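Participant: One structure follows; several queries about it will come next.
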Amino acid sequence: GISVGVPGAVAMLELAHRERGKLPWADLFKPAIDLAREGFAVPPRLATALATFRSVARDNAARAIYFNPDGSPRRQGERVVNLPLAETLQFVAERGSRGLAQGPIADYMVARVRLHERPGTMELSDIAAYRPLKREVLCGPYRIWVICGMPPPSSGGVAILQILGLLEPFELHREAPNSPRAVHLIAEASRLAFADRARYLGDPAFVDVPVKGLLAPVYLGERRKLISEDRAMAPAPVAPGYPERGTSHVSIVDRFGNAVAFTTTIEAPFGAQMMAYGFFLNNELTDFTAQPEIDGRMVANRVQPGKRPRSSMSPTFVFDRERRLVAVLGSAGGPRIIGDTLHALIGMLDWNLSVQEALALPRVANLTGGTELEDRGTLPGLAERLRSMGHEVQVRRHDGGLTGIRRIGAGWEGAADPRRDGVAKGD
């Protein structure tokens, strides 16, 4: 209950449809309604999540849909029907976002939050007051391209542009994919960007986020001096993060050249593990920083009423110097979204990999602590080489969740992360 934030995705989608949509609003819901009503086969990722997070079965509504009468989770390939979700989607198709913001669904969401064993304080007025915001896209140069992403309160756009700005003089395009030098430099630049993220990034309606200063060439030049080409910086302590696996990203380009990079989340697997009318409530408030003050300084991402939490969402567009769209991409993965999206960008732009090759690259991350290497496909000897340079290396499983599209001649190529169930489709 206490971790549930006001859901806003439907209101945002409604705004986007009102301004840019062509098909009737209600028509967009029919495929999802049909799937919920007629059933769908449990995909591998959902089967694994149900087997791993069996505590979801404590919620009666979730247990009835996703678990068998004996309490065992539905297995891969078994059919799941979610009639309450079909009814909710039909309700929203007919009434728009106000179908969630007022009426029985809103009443039930608030009741579930406030009657939980760890109750939250959400009120009907909070849901009714929510408004999606349009923000100016954040763009910056990298070599011969222009990279555009999401501004604060997402930290993704700022962090990716910072990291690319720090890396540009090191000419990664001359390196082999995931060479020790390339991985070392990416990890060091990421460490610096995540340090700034922790200190400065938050909701700009509540804190002054110095975006221009963080991306200024003079500032990046001073930060770059901290990077040695053959020695890692000492790791800084970092607060443990919540293991987010409830995010999805979709990349789309249509035949008219319109493009969408869309990242959405309920935060953890199954969110707050509470269902309302067929859907899981989020636990998005865990994206706030728990401590309001650290070392005598107020934290930019501290909890405040009406505030949007900082995220790592990194929906990204790449343009050439003539402002022609070159690529669309983004990822799931909590704070590792930033590194995953960055790594795929470098794979495509610096190492000239196909979208599928770039999305499949073994991942590297550094969130100001140790350097993380993915446990599959990493180059032999890479961990040992990095340790010899002073990195504290952790080899770990990586969940992924990238999708991407890239212009190829007069057409497009698309790909989905092989670590997940996603697919690429086109006409």
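The values are calculated or read from the model by the stated rules, or taken from the named source; none is laboratory data. As the structure is a computational prediction, the values presented were derived from the model and not from experiment. All Cβ positions, glycine included, derive from the backbone under ideal geometry; neighbour counts span all protein chains shown.
Participant: Any residue that is exposed (fewer than 15 other Cβ atoms within 10 Å of the Cβ) and among the charged types (D, E, K, R) - is there at least one of those in the stretch 23-33?
Facilitator: Checking the stretch 23-33: at least one residue is exposed (fewer than 15 other Cβ atoms within 10 Å of the Cβ) and among the charged types (D, E, K, R).
Participant: Which residue pairs have Cβ atoms closer than 8 Å, lie 6 or more positions apart in sequence or on different chains, and pair a first residue in the stretch 41-54 that is under 15 Å from Arg79 (Cβ atoms) with a second residue that is surrounded by fewer than 18 Cβ atoms within 10 Å (Cβ to Cβ) and basic (Lys, Arg)?
Facilitator: Listed by first residue and then by second, the contacts come to Ala41/Arg79; Val42/Arg75; Val42/Arg79; Ala47/Arg75.
Participant: Given the criterion in a strand (DSSP E or B) and within 15 Å of the chain's Cα centre (by Cα), identify the matching residue among Leu342, Leu329.
Facilitator: It is Leu329.
Participant: Select from the stretch 357-372 the residues that are assigned to a helix (DSSP H, G or I) and touching an Asp or Glu at 6+ places or on another chain (Cβ under 8 Å) and write down the one among them that is surrounded by the fewest Cβ atoms within 10 Å (Cβ to Cβ).
Facilitator: Looking at the filtered set, the residue picked out is Ala360.
Participant: Then there's this: Could you please let me know if Pro292 is within 21 Å of the chain's Cα centre (by Cα) and either not acidic (Asp, Glu) or not assigned by TED's automatic domain parsing to the domain that holds Ser190 (or both)?
Facilitator: When the stated conditions are applied, Pro292 does not pass them.
Participant: For the stretch 118-134, indicate whether the set of residues that are touching a strand residue (DSSP E or B) at 6+ places or on another chain (Cβ under 8 Å), touching a residue at least 12 places away in the same chain (Cβ under 8 Å) and either outside the structural domain of Ala344 (by TED's automatic domain parsing) or assigned to a loop (DSSP other than H, G, I, E, B) (or both) is non-empty.
Facilitator: no
Participant: So how many residues does the stretch 302-317 have that are surrounded by fewer than 22 Cβ atoms within 10 Å (Cβ to Cβ) and touching a Leu at 6+ places or on another chain (Cβ under 8 Å)?
Facilitator: Residues meeting the conditions: 3.
Participant: When you scan the stretch 330-348, do you find a residue that is more than 28 Å from Asp196 (Cβ to Cβ), of a type outside the set (Phe, Trp, Tyr) and assigned by TED's automatic domain parsing to the domain that holds Glu171, even just one?
Facilitator: Taking every residue of the stretch 330-348 in turn, none turns out to be more than 28 Å from Asp196 (Cβ to Cβ), of a type outside the set (Phe, Trp, Tyr) and assigned by TED's automatic domain parsing to the domain that holds Glu171.
Participant: While we're looking at this one, here's another question. Of all the helices (runs of 4 or more DSSP H) wholly in the stretch 1-104, which have at least 3 residues that are within 17 Å of Leu281 (Cα to Cα) and either over 26 Å from the mean Cα position of the chain (by Cα) or polar (S, T, N, Q) (or both)?
Facilitator: 60-66, 83-95
Participant: Within the stretch 215-230, can you find the residues that are surrounded by 16 or more Cβ atoms within 10 Å (Cβ to Cβ), touching a residue at least 12 places away in the same chain (Cβ under 8 Å) and assigned to a helix (DSSP H, G or I)?
Facilitator: Matches in the stretch 215-230: Leu215, Leu220, Arg223, Arg224.
Participant: Here are Gly71, Gly140, Gly103, Gly77: which of them is modelled with pLDDT of 95 or more, of a type outside the set (Ser, Thr, Tyr) and at positive phi?
Facilitator: Details: Gly71 fails: modelled with pLDDT of 95 or more; Gly140 fails: at positive phi; Gly103 fails: modelled with pLDDT of 95 or more.
The conditions single out Gly77.
Participant: Then there is this: Restricting the search to the stretch 242-300, which residues are surrounded by fewer than 18 Cβ atoms within 10 Å (Cβ to Cβ), in contact (Cβ under 8 Å) with a residue 12 or more places away in the chain and under 30 Å from Val326 (Cα atoms)?
Facilitator: Ser248, Val250, Ile252, Arg255, Gly257, Asn258, Ala259, Val260, Thr264
Participant: Exactly one of (1) surrounded by fewer than 16 Cβ atoms within 10 Å (Cβ to Cβ); (2) in contact with a helix residue (DSSP H, G or I) (Cβ under 8 Å, 6 or more places away or on another chain); (3) at pLDDT 95 or above is unmet by Thr121. Its number?
Facilitator: Among (1) surrounded by fewer than 16 Cβ atoms within 10 Å (Cβ to Cβ); (2) in contact with a helix residue (DSSP H, G or I) (Cβ under 8 Å, 6 or more places away or on another chain); (3) at pLDDT 95 or above, the lone unmet condition for Thr121 is (3).
Participant: Which condition number does Val42 fail, the rest of (1) surrounded by 13 or more Cβ atoms within 10 Å (Cβ to Cβ); (2) farther than 30 Å from Arg419 by Cα; (3) of a type in the set (A, V, I, L, M) being met?
Facilitator: Just one mismatch for Val42, condition (2).
Participant: Here is a follow-up. Please go through (1) crowded, with 20+ Cβ neighbours inside 10 Å; (2) at positive phi; (3) not hydroxyl-bearing (Ser, Thr, Tyr) for Ala416 and return the number of the only condition it doesn't satisfy.
Facilitator: Going through (1) crowded, with 20+ Cβ neighbours inside 10 Å; (2) at positive phi; (3) not hydroxyl-bearing (Ser, Thr, Tyr) one by one, Ala416 breaks only (2).
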